[in-house]
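Student: What follows is a single structure, and I will ask about it in a moment.
The values are calculated or read from the model by the stated rules, or taken from the named source; none is laboratory data. Here the structure is a predicted model, which means the values were calculated and not measured. Virtual Cβ from ideal backbone geometry, glycine too; neighbours counted across all protein chains shown. Quick note on the areas: whole protein, heavy atoms, side chains included, nothing else; ligands and nucleic acids left out. Shrake-Rupley method; radii C 1.70, N 1.55, O 1.52, S 1.80 Å.
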Amino acid sequence: MVRTGSVAGPTLAVVAREAGVSVPTASKVVNGREDVAPETRRRVTEALDRLGYVRRPRFDGPRPPGLVDLVVDSLDSSWSGAVLRGVEEAAHDAGLEVVVTAGLTRPRGGRPERGWLDKLSARGSSGVLLNLAGPTPSQYAWLAQHRIPFVLIDPVLEPPPGVVSVGAADWHGGVTATEHLLSLGHERVAVVAGHRRRMSSNARVAGYRSALAAAGVRHRAAYLRYGGFDEGAARRGTHELMDLPEPPTAVFACSDRMALGVYRALAERGVSVPGDVSVVGFGDLPEARWASPGLTTVRQPLSEMAGVALRLLVRVMGGERPEGTRTELSTSLVVRGST
């Protein structure tokens, strides 16, 4: 089996042993040969999926220069739009063409999605930018095995050693958001976090706790709720917070989307923003400006992060290795009417 964090995938011999066939037979299935019995093909195919085997691409010639892939989870959010804009601008300046693929990592059935790898193989792209919820070990293995340069944009989980990534100063952003609320006189400050295992969420919560400690304000465990970066979950968490014997007077939501869920819950309870409760978000997406009142938020420079990632990818494609594998861009507070 592929080990988490490893960049080495299973060999064809391992797949053959798992399926109970010879290596030549397993090779025939991988290469789409017709002379394999249906039952044998089924066993080999199931073993390929179960072990996360990645097929070696067939390049008929050199990879076309100046073509890079941007792989994102989806294209239906202002987040992905900001990333795409930053990549396109940087690619134009570098004289590169960009192919965009929406490549979900966990489709129905829970198996890693390899469709975008197949497309990458067919195109022969020179490099890849990954803005996925979490590349799988087999996907890392495929890229490493075929020596395709890649850079991660805002990775969810800690990347394997040596992988180049670009993110934001999430810890500092959490500090800034909380310090702003404290400066307004709030001491009962709650936080609606994202996912428990997500790097950015944990860093923002750590910044929140650090700011409270520096101000001598006690952190209350009951003031922490997880919203999974989902508006509905943040709404439910806010209702739980407001049902406490001592409800918070301020809420730091670790994303703008969750802040909108906080808004909705407070409105449902007849609680005014910012008259009764102040709210701070994170991201500074267009939704923050459209909200009423306008959302005070920590600006995460998504387009700039994507541009930096593209420029780092160009360096890696040229054979360079950046001095550090993690690049963080500064965050800043944007004050509007919600505090």
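Student: Calculate, for Arg264 and Ala37, the FRET efficiency according to 1/(1 + (r/R0)^6) with r their C-beta to C-beta distance and R0 45 Å; round to the nearest 0.05. List each step's numbers first, then the result.
Tutor: On the way: r = 58 Å, r/R0 = 1.28.
My answer for the efficiency is 0.20.
Student: Could you calculate the contour length gain from Arg17 to His92, that is, 0.36 nm times the residue separation minus the distance between their Cα atoms, to one decimal place in nm?
Tutor: Details: separation 75, 0.36 × 75 = 27.00 nm, distance 4.81 nm.
Fully extending the segment from Arg17 to His92 adds 22.2 nm.
Student: Calculate, for Ser272 and Ala102, the FRET efficiency according to 1/(1 + (r/R0)^6) with r their C-beta to C-beta distance and R0 30 Å; round to the nearest 0.05. Display every interim value, and only then the final one.
Tutor: Values: r = 39 Å, r/R0 = 1.31.
It comes to 0.15.
Student: What is the extension gain from Ser27 to Arg326, computed as 0.36 nm multiplied by their sequence separation minus the C-alpha to C-alpha distance, in nm to one decimal? Mind dumping the intermediate values first?
Tutor: On the way: separation 299, 0.36 × 299 = 107.64 nm, distance 3.84 nm.
Taking Ser27 through Arg326 to full extension adds about 103.8 nm, to one decimal.
Student: Here's a follow-up. Using a 1.4 Å probe over the heavy atoms of the protein chains, calculate the carbon and sulfur portion of the accessible area of the range 191-339 as a whole percent.
Tutor: On the way: 3130 of 6490 Å².
Carbon and sulfur: 48 percent of the exposed surface of the range 191-339.
Student: Just the accessible area per residue of the chain, please: how many Å² with a 1.4 Å probe? Could you put the intermediate results ahead of the total?
Tutor: Values: 15710 Å² over 339 residues.
That works out to 46 Å² for each residue.
Student: What are the ³J(HN,Hα) values, in whole Hz, obtained from phi via the Karplus relation 6.51 cos²θ - 1.76 cosθ + 1.60 with θ = phi - 60°, for each residue of the range 129-136 in sequence order, with x given for Gly and Pro?
Tutor: Along the range 129-136, the couplings run 9, 10, 10, 9, 4, x, x, 7 Hz.
Student: Please work out the Cα center distance from the range 153-169 to the range 224-271, rounded to the nearest Å.
Tutor: 29
Student: Under a 5 Å amide H to amide H cut-off, with H placed in plane at 1.01 Å, what residues pair with Val100 once short-range neighbours are removed?
Tutor: Excluding prolines and chain starts, which carry no amide H, the hits are Leu70.
Student: Of all DSSP beta bridges located in the chain, what percent are antiparallel, nearest 5?
Tutor: Details: 3 of 37 bridges.
Of the beta bridges lying entirely in the chain, close to 10 percent run antiparallel.
Student: Once phi is turned into θ = phi - 60°, what whole-Hz ³J(HN,Hα) does the Karplus curve with 6.51, -1.76 and 1.60 give for every residue of the range 282-291, x standing for Gly and Pro?
Tutor: 8, x, 6, 7, x, 4, 5, 7, 7, 5
Student: Follow-up question, since we're still on this one. Give me, ordered by chain and number, the residues 5 or more places off Arg299 or on other chains with an amide H under 5 Å from its own placed amide H.
Tutor: For Arg299, whose amide H was placed from the backbone, the distant partners under 5 Å are Gly283, Ser332, Leu333, Val334.
Student: Grab the DSSP H runs of the chain that are 4 residues or longer, score each as -39,500 (n - 2.57), total them, divide by all residues and round the 222 nm result to the nearest 500 deg cm²/dmol.
Tutor: Details: 12 runs with 141 residues, N = 339.
-13000 deg cm²/dmol, from helical runs alone.
Student: Full extension from Leu67 to Arg289: what is 0.36 nm times the residue separation minus their Cα-Cα distance, to one decimal in nm? Display every interim value, and only then the final one.
Tutor: On the way: separation 222, 0.36 × 222 = 79.92 nm, distance 3.51 nm.
That pair, Leu67 and Arg289, stretches by 76.4 nm at full extension.
Student: Highest mean first, what order results for 323-330, 280-287 on Cβ atoms within 10 Å?
Tutor: Peptide ranking by packing, descending: 280-287, 323-330.
Student: Sorting check: for 86-94, 125-133, which peptide has the highest mean count of neighbouring beta carbons within 10 Å, and how do the rest follow?
Tutor: Values: 86-94: 18.2, 125-133: 22.6.
In decreasing order of mean packing, 86-94, 125-133 become 125-133, 86-94.
Student: If you don't mind, there's one more thing I want to ask. Got a number for the accessible area of Phe229? Probe 1.4 Å, square angstrom, nearest 10.
Tutor: Here the accessible area works out near 30 Å².
Student: While we're on this one: Among Arg196, Arg188, Arg42, which one shows the highest mean-square fluctuation when the chain is modelled as a Gaussian network with alpha-carbon springs under 10 Å?
Tutor: Residue with maximal mean-square fluctuation among Arg196, Arg188, Arg42: Arg42.
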